[in-house]
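Written out below as structure tokens is the structure these notes cover.
The values are calculated or read from the model by the stated rules, or taken from the named source; none is laboratory data. Because the structure is a prediction, the values reported are computed rather than measured. A quick note on method: Cβ atoms are made from the backbone with ideal geometry, for glycine too, and the neighbour counts reach across all protein chains shown.
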Amino acid sequence: MSEPVSNADELESLRADLAQRTAERDALKPHDPLAEMWRELEAYQPQADREGHGESWARMCSERTKEAAEEAANCVREMSEWDAAWAVARIAKWAGDAVAAIRRAKEAKP
């Protein structure tokens, strides 16, 4: 049986995954506005670590799901970082809207 993974190990794994995904994405789309948004969010990671919500921030940047963004927003909100929490919540909504628009466009194609 394997030993349980500690939070520090999980966070390190998330950071490694994030670094790999960032490198792959940046190589493919250097001038993509969405990639730029994620680079900016990822650049906040050291500050998120210092402020105590680094794990949820790293998960959001790695998974890039609405649920992960909402979790990060909730953690930031708990840390009284209202501006950052609002920004993350808007990103989650915007990403959801973007996915819906892409799906509608795909369905309209013959």
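Worth pointing out:
- Among the conditions (1) at pLDDT below 80; (2) touching a helix residue (DSSP H, G or I) at 6+ places or on another chain (Cβ under 6 Å); (3) of a type in the set (S, T, N, Q), the only one that residue 56 does not satisfy is (1).
- The number of residues in the range 43-64 that are more than 13 Å from residue 76 (Cβ to Cβ) and among the hydroxyl-bearing types (Ser, Thr, Tyr) comes to 1.
- Qualifying residue in the range 26-33 (condition: over 20 Å from residue 9 (Cβ atoms), modelled with pLDDT under 80 and crowded, with 19+ Cβ neighbours inside 10 Å): no
- Where residue 98 falls short, out of the listed (1) at pLDDT 70 or above; (2) crowded, with 16+ Cβ neighbours inside 10 Å: (2)
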